Structure formats: C-alpha cells, structure tokens
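Only one structure is covered here, and it is reproduced in the block below.
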Amino acid sequence: MKKILFITISVILLGIAAYFTFIYYVPYSEGYRSGELIKFSRKGVLVKTWEGQISQGISGTNIFSFSVEDKEEDIIQKMKEYQGRYIKVSYKERYATFFWLGDTKYFITEIQLEASPHFRN
C-alpha cells in the first residue's frame with residue numbers, strides 16, 4: 001500500500017513539474033512588433049512585474065501589451081530610456097504565464113530604436 005501511494009504521489013509531482021517546465025521553456029510563438037512605447041511600469045501588490053504597452057497605430061487603437069522578466073536588466077533600462085519613442089521589439093509568446101513573471105503571455109527578448117514611419121523628415 002505504501003509503495004502504491006509513493007508511486008502515485010511521485011507521478012503527480014513529476015506531472016506538475018513537467019507542466020511548469022513546458023509552459024516556461026516552450027514558446028507558443030516568436031515574432032516582432034513595432035510602435036510607439038506609450039507605457040512601461042513596474043506594477044503589482046505582492047509581486048512586482050515589469051509591464052508595458054506599444055501603440056501600433058496613429059490613434060492608439062491597436063495596443064500591444066507585454067511583460068519583461070526581471071532578469072532582462074538591459075531591456076528594462078532601454079525601455080525606460082526609449083519611453084515615448086518608436087521601437088521594434090522581439091518577443092516570445094508562452095502558452096500561459098506565471099503571476100511572478102508578468103501579466104501577459106508576451107515577453108520581450110530584444111529591443112531596438114526605430115525611425116517612426118509617421119514622421120519623416
């Protein structure tokens with residue numbers, strides 16, 4: 001009886017660990033977005049996460065919301081610097097998210113400054 005209980009608990013724990021590993025390491029999609037960085041803030045009550053938004057249209061009707069992991073210090077610094085400017089970001093979309101990583105399923109992996117297509121000299 002003890003052996004069956006031990007095996008059952010082990011299988012359940014392994015299943016939970018496999019689920020969390022899959023969610024964290026296997027991306028659903030990867031891609032690029034560009035637009036004006038209109039919001040970047042650190043928010044949360046118990047766990048603070050970096051959240052932002054990019055406006056992809058002139059009127060701000062198409063908003064891309066994203067998260068940045070705390071370990072991405074270089075990206076966080078650039079986001080603060082590029083506030084209000086036109087940027088291009090690379091992201092990975094996960095199947096789900098964990099509350100300690102961010103509010104969205106989209107996580108920024110790279111950022112670069114771009115020239116705005118709306119205002120040409």
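What follows is calculated from the coordinates using simple rules that are stated; it is not laboratory data. Everything numeric in this text was worked out from a predicted model, so none of it was measured. We place every Cβ from the backbone using ideal geometry, glycine too, and count neighbours over all the protein chains shown.
Rg and Dmax over the alpha-carbon atoms of the stretch 43-108 stand at 12.1, 35 Å. Between the Cα long axis of helix 2-25 and the first principal axis of the chain there is an angle of about 10°, rounded to the nearest 10.
Expressed in Å, the radius of gyration and Dmax of the Cα atoms of the chain are 18.8, 78.
3J(HN,Hα) couplings calculated from phi for the stretch 70-76 with the Karplus curve 6.51 cos²θ - 1.76 cosθ + 1.60 (θ = phi - 60°) are, in sequence order, 4, 6, 8, 4, 5, 5, 4 Hz; Gly and Pro show x. Compute the FRET efficiency between SER65 and ILE9 as 1/(1 + (r/R0)^6), taking r as their Cβ-Cβ distance and R0 = 22 Å, and round to the nearest 0.05. So the FRET efficiency works out to roughly 0.05.
For a footprinting-style exposure proxy, rank THR61, THR49 by other Cβ within 10 Å, fewest first.
THR61, THR49
Sorted on the mean count of surrounding Cβ atoms within 10 Å across their residues, most packed first, peptides 4-13, 64-73, 19-28 read 64-73, 19-28, 4-13.
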